[in-house]
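The values are calculated or read from the model by the stated rules, or taken from the named source; none is laboratory data. Quick caveat: nothing in here was measured; it's all calculated off a predicted structure. Here Cβ is always computed from backbone atoms with ideal geometry, including for glycine, and neighbour counts include all displayed protein chains. Please note that ligands, DNA and RNA were not included when accessible areas were found on the heavy atoms of the full protein model with its side chains. Shrake-Rupley method; radii C 1.70, N 1.55, O 1.52, S 1.80 Å.
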Amino acid sequence: MPILTYNAGQKLAYALEGVDPMCSERGMAATSCGMHIHQGTSCNESAGGLLSTAWLDVYYTAMPDGRASGMVEVETGSSSEDIIGKVFAIHDHAGDAIACSIITEMPAVAQATGFVPYAGYAGNLTMVYGGVYPIMSDGMQTKFTYDIIGADPACKMGPMDGVPTSCGLHIHEGTSCEEAAGNLLISGDVTPWLTTGYTTQGGANCTTNSVMSDPASCYLTGELETVDTGLTYEDVRGFLASCTRSLRWLHTPT
């Protein structure tokens, strides 16, 4: 479960199994169905109180099979240094802690936020915001979680046949948002990014007619399955360090 610290809080992406199925709805207890950072530093004893009472607003919603996933942000006032080594606990419907883990530093992680229009893009999808984080590469595989608003409504139908970059989420070779991004960033002769098409989500106001659609109601959120890119963390970070404000991650159908 990646936990990112920003400004005065944390953002976490979670994918849990074995949680309380009764947490399809939260109970009356303050810690019911909660996901919290505690003051304790060991899973062999009581975790103590919450590191911040702001965590009382953080909880999961379970599926009948005991799975839960999503993203959440919480303003805790805690820094990265404050949370490292602390207990992260999962609670059941009654509010009791049922699972414990110690937060550790996660090396080889990068992110991309603050999107701006891709160089030369003249379409109407100019209000894309959100983030792709954390981006993890170990020299063989790359994976990341994405949470983006303003995606192409035409991508509600999924990628277009015969257009390799349609509705794509890609890392490119370029290092500037002021010029074309160049080829897709890969190691070797394989181009696995061409299989990473997204499908836009959204309600009634997000229609496949881009003229009638409300861009703010079109979004995509989820986790990219592991992609065999052959990239290392240094490969990815070298790109991101010089350009974190790029729409090159998102491709439209045409």
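Annotations for the structure displayed:
- Here's the picture: charge each Lys and Arg Cβ at +1 and each Asp and Glu Cβ at -1 in region 45-156, and of Ala62, Val132, Ala89 the one pushed furthest to the positive end of that dipole is Val132.
- Rounded accessible area per residue of region 1-61, 1.4 Å, Å²: 52 Å²
- Region 1-156, relative contact order in percent, only Cα pairs under 8 angstrom and at least six apart counted: 22 percent
- Among the protein heavy atoms of region 65-145, carbon and sulfur supply 52% of the accessible surface, probe 1.4 Å, non-protein parts ignored.
- Virtual spin-label span in nm between Ser101 and Ala15, 7 Å along Cα→Cβ: 1.2 nm
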